[in-house]
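Undergrad: Shown below is the structure under consideration.
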Amino acid sequence: MQVQARTKYARMSPKKVIEVARAIRGKNANAALELLKFIPRKSAFLLSKTLQSAIANAENNHDLSGDSLVVESATVEQGPALKRFKAAARGGVARRKKRMSHIRIVLSDNA
């Protein structure tokens with residue numbers, strides 16, 4: 001059985017989140033949580049919260065054991081971007097895109 005959790009509109013560039021998401025794919029869910037605790041990045045914290053939510057969904061909604069769960073996929077998609085402006089040299093303006101991510105973690109019980 002597959003269980004999933006999503007975090008939408010996370011204020012972090014998808015490129016930065018994908019780098020950390022690669023580290024947890026295919027791992028045991030509890031081992032992935034432990035690994036994320038020791039990665040000193042904001043994206044690791046966001047992925048950790050999403051993974052904890054997926055584990056809680058599996059335990060509370062589907063009566064699955066948290067020990068038998070495996071991270072089947074951890075996908076990161078690009079969300080909308082906030083368009084902002086910042087002062088630049090010689091009175092000009094520099095455009096900035098503040099990107100957002102949609103994170104989806106799918107857990108499987110290998111049954």
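The values are calculated or read from the model by the stated rules, or taken from the named source; none is laboratory data. All of these numbers come straight from a predicted model, not from anything done at the bench. Reconstructed Cβ throughout: ideal geometry from the backbone, glycine too, with neighbour counts over all protein chains shown. What goes into the accessible areas is simple: the full protein's heavy atoms, side chains included, and nothing from ligands, DNA or RNA. Shrake-Rupley method; radii C 1.70, N 1.55, O 1.52, S 1.80 Å.
Undergrad: Inside region 61-111, can you point out the residues that are assigned to a strand (DSSP E or B), more than 22 Å from the chain's Cα centre (by Cα) and basic (Lys, Arg)?
TA: Listed by number, the residues that qualify are 83, 84, 86, 95, 96.
Undergrad: Of all residues in region 13-28, count the ones that are touching a strand residue (DSSP E or B) at 6+ places or on another chain (Cβ under 6 Å), open to solvent by 10 Å² or more (accessible area, probe 1.4 Å) and in a loop (DSSP other than H, G, I, E, B).
TA: Final tally of qualifying residues: 3.
Undergrad: In the list 72, 77, which residue meets the criterion of being in contact with a Leu (Cβ under 8 Å, 6 or more places away or on another chain), open to solvent by 80 Å² or more (accessible area, probe 1.4 Å) and closer than 25 Å to residue 45 by Cβ?
TA: Only one candidate passes the filter, namely 72.
Undergrad: Checking residue 10 against (1) under 15 Å from residue 110 (Cβ atoms); (2) among the aliphatic types (A, V, I, L, M); (3) crowded, with 17+ Cβ neighbours inside 10 Å, only one condition comes out false. Which one?
TA: (1)
Undergrad: Then there's this: So residue 42 clears everything in (1) surrounded by 12 or more Cβ atoms within 10 Å (Cβ to Cβ); (2) touching a residue at least 40 places away in the same chain (Cβ under 8 Å); (3) not aromatic (Phe, Trp, Tyr) except one condition, right? Which one?
TA: Of everything listed in (1) surrounded by 12 or more Cβ atoms within 10 Å (Cβ to Cβ); (2) touching a residue at least 40 places away in the same chain (Cβ under 8 Å); (3) not aromatic (Phe, Trp, Tyr), residue 42 misses just condition (2).
Undergrad: Quick one: would you say residue 53 is of a type outside the set (Val, Ile, Thr), touching a residue at least 12 places away in the same chain (Cβ under 8 Å) and either closer than 13 Å to residue 7 by Cβ or crowded, with 16+ Cβ neighbours inside 10 Å (or both)?
TA: Yes, satisfied.
Undergrad: Now, a different point. Can you confirm whether residue 66 is open to solvent by less than 20 Å² (accessible area, probe 1.4 Å), modelled with pLDDT under 95 and over 12 Å from residue 24 (Cβ atoms)?
TA: yes
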